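The values are calculated or read from the model by the stated rules, or taken from the named source; none is laboratory data. Keep in mind that what you see is a predicted model, and the values were worked out from it rather than measured. Every residue, glycine as well, gets a Cβ built from its backbone with ideal geometry; the counts of neighbours run over all protein chains shown. Please note that ligands, DNA and RNA were not included when accessible areas were found on the heavy atoms of the full protein model with its side chains. Shrake-Rupley method; radii C 1.70, N 1.55, O 1.52, S 1.80 Å.
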Amino acid sequence: MNLASLLPRFEAHVATQLQRAEQVLERENLELLAIHSGQIKRQFLDDMDYPFKANPLFKAWCPLDDVPHCWLLISREQRPRLVILQPDDFWHYQPPILQADWLHVFDVVTIKSPEAIEQVLPYDKVRSAYLGEHVEVAKALGFEHINPDPVLNFLHYHRLFKTDYELECMRHANQIAVRGHHAARQSFLDGGSEFDCLLAYMQATGQGENDAPYGHIIGQNEHAAVLHYMVQSRQRLTPGQRHSMLIDAGANYNGYAADITRTYSAREDEFGELVAALDQVTLALIDLLKPGTRFGDLHALAHEQIAKLLYAYGFVKLSPEAIVAQKISQVFLPHGLGHSLGLQVHDVGGTMLDERGTNIPPPDEFPTLRTTRTVEPRQVYTIEPGLYFIDSLLGKLKASPQAKHVDWQRVDAFRRYGGVRIEDNIIVHRERNENMTRANGLN
């Protein structure tokens, strides 16, 4: 949470946030936005709590991503007020928030209990809007406007345009995550289990599982075919048993996320060549990520590239054009090419045409695509093509009329590797792209 070097950028960032908030307050005829950081959730039939994750709408204003029961109160033509819970609690550690050097941009109010927020809020809340997860709290406090769609749509649309402060935080997050990826790769090459690689990653990043922006995905061999594999086996494989590892893991810096994936072969073999080929596909697609490009069109180009690999490596005995047309490429690449990145790993606003929330539907040929927005400068995206050997999807393909076009002996030989995914984090500038992942030395 050290902002000393980022303080001028942070001040400008808050000014931008305030400008956006005042604009939507005026448009919706509101007087107050009350943004709740959230509150702790107790585990069922237990006296322990779930790990706390702050409301991203709150994190957009300040780097308190691990402190519950805080509020931001935003009114027109006033300094934003930051309400911080400072209880008398001898059970739990209280971070020294009030010593932070960035607090001067807010009017700071402290409260001793969560219930004390009622004394800070206006009595008449007819023109006040609550933004947060805890609807029951909002109702108990008397809010009439709870997460109003026009307000959320406006904020979500503009959140894809990153300030200089946000971009710098994401560069730092990538720097941290790259350290973890180097350590996990070395652990794998040294014979470490999935769990060993996880420990190496966390040690190198200095972030535990609850600090990370999402659950670490570390799959060796066929586990790499499970897109969200989060089990982390303790079994150490012998050199003859180890074939591959896919690691999809990120890091957090001041509430902003990095999201990076790499795949490694245990030896120099044909699978290693496939990894290198997909890496070149990733870089080629990044070059095409330009202002004015529709993300759905880039996704279609990714399938053309995957189809070329399926043909070149002999998995499918059709032309690349036919592989795409018959939707065979979707068996081997079942997910989207990428997504917006920021305060959340899958940042909101990726399908929005305008600040009113008009939805951009996915292309008919790719109905599950979740990112459809037109690319613009100051946006940040992941680019993450993949090629997988997923048993359930291959089983459906084998039962279809297209089965005759597949070299099943060839496919079966690659099932032990699971699959390949290469993912970089990209800032789109007007004249160039900035690959934060490669800039920090992860090739």
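Quick check for you: with a 1.4 Å probe and neighbouring chains kept, what is the accessible area per residue of the chain, in Å²? Intermediate values should be presented prior to the final figure.
On the way: 19840 Å² over 443 residues.
For the chain, the solvent-accessible area averages 45 Å² per residue.
Magnitude of the Cβ-charge dipole of the chain, K/R +1 and D/E -1, about the Cα centre, nearest 20 debye? It would help to have the intermediate numbers written out before the result.
Working: 43 positive and 56 negative charges, 202 e Å.
Dipole of the chain, to the nearest 20 debye: 960 debye.
Think of the stretch 3-147 as a dipole: +1 on every Lys or Arg Cβ, -1 on every Asp or Glu Cβ, centred on the Cα centre; then among A116, T16, V105, T16 lies furthest on the positive end. Note on T351: accessible area approximately 40 square angstrom, rounded to 10, probe 1.4 Å, nucleic acids and ligands left out. The HN-Hα couplings worked out from phi for the stretch 299-307 by the Karplus form 6.51 cos²θ - 1.76 cosθ + 1.60 (θ = phi - 60°) are 4, 5, 5, 4, 5, 5, 5, 5, 4 Hz, whole numbers, x standing for Gly and Pro. Computed over the stretch 3-147, the P(r) curve from all C-alpha pair distances, binned at 5 Å from the origin, holds 2, 9, 18, 22, 21, 14, 8, 4, 1, 0 percent per bin. Within the same chain, aspartates and glutamates fewer than 8 places from K317 are excluded, and of the rest, those with a Cα less than 14 Å from its Cα are D407. With a 1.4 Å probe rolled over the protein heavy atoms of all chains, the accessible area of Y50, Y313, Y256, Y123 falls in the order Y123, Y50, Y313, Y256, largest first. The local environment of L7, defined by Cβ-Cβ distances under 15 Å, has a net charge of -4 under the rule Lys, Arg +1 and Asp, Glu -1. Both radii come from the Cα set of the chain: Rg as radius of gyration, Rh as Kirkwood radius; their ratio Rg/Rh reads 1.01. Across the chain, the mean sequence separation of Cα contacts (distance under 8 Å, 6 or more residues apart), normalised by length, yields a relative contact order of 15 percent.
Heavy-atom accessible area for H335, with the other protein chains in place and a 1.4 Å probe, reaches approximately 40 Å². Pairs with C-alpha atoms separated by more than 24 Å, drawn from the list K53/K112; K290/K396; K308/K404; K125/K162; K139/K162; K59/K290, are K290/K396; K125/K162; K139/K162; K59/K290.
Residues E26, E168, E222, E268 ordered from highest to lowest accessible area at a 1.4 Å probe: E268, E26, E222, E168. For the chain, modelled as a Gaussian network with Cα springs under 10 Å, which listed residue fluctuates most, Y311, Y417, Y264? The residue with the greatest mean-square fluctuation here is Y311. Each peptide in 425-435, 226-236 receives the mean, over its residues, of other Cβ atoms within 10 Å, and ordering these scores from highest gives 425-435, 226-236. Between helix 149-159 and the chain, what is the angle of the helix's C-alpha long axis to the longest principal axis, kept within 0 to 90° and rounded to the nearest 10? Long axis of 149-159 versus the principal axis of the chain: about 60 degrees. Charging the Cβ of each Asp and Glu at -1 and of each Lys and Arg at +1, and nothing else, the dipole of the stretch 3-147 about its Cα centre rounds to 360 debye.
Tally up the carbon and sulfur contribution to the accessible surface of the stretch 3-147 as a whole percent, 1.4 Å probe, everything protein left in place.
Numbers: 3990 of 7790 Å².
Answer for the stretch 3-147 is 51 percent, counting heavy atoms of protein chains only.
Run the accessible area of the stretch 337-438 with a 1.4 Å probe and give the carbon-and-sulfur part as a rounded percent.
Values: 2160 of 4290 Å².
Carbon and sulfur: 50 percent of the exposed surface of the stretch 337-438.
For the stretch 377-443, the residue among V411, P377, N433 whose Cα projects farthest onto the positive side of the dipole built from Cβ charges is V411. In the assembled protein chains, E194 presents an accessible area of approximately 10 Å² (probe radius 1.4 Å). Using the alpha-carbon centroid of each, what span in Å lies between the stretch 159-182 and the stretch 366-399? Each part's Cα centre sits 23 Å from the other's.
Between V108 and L82, the built amide H atoms are under 5 Å apart, and every one of these is 5 or more places off in sequence or on another chain.
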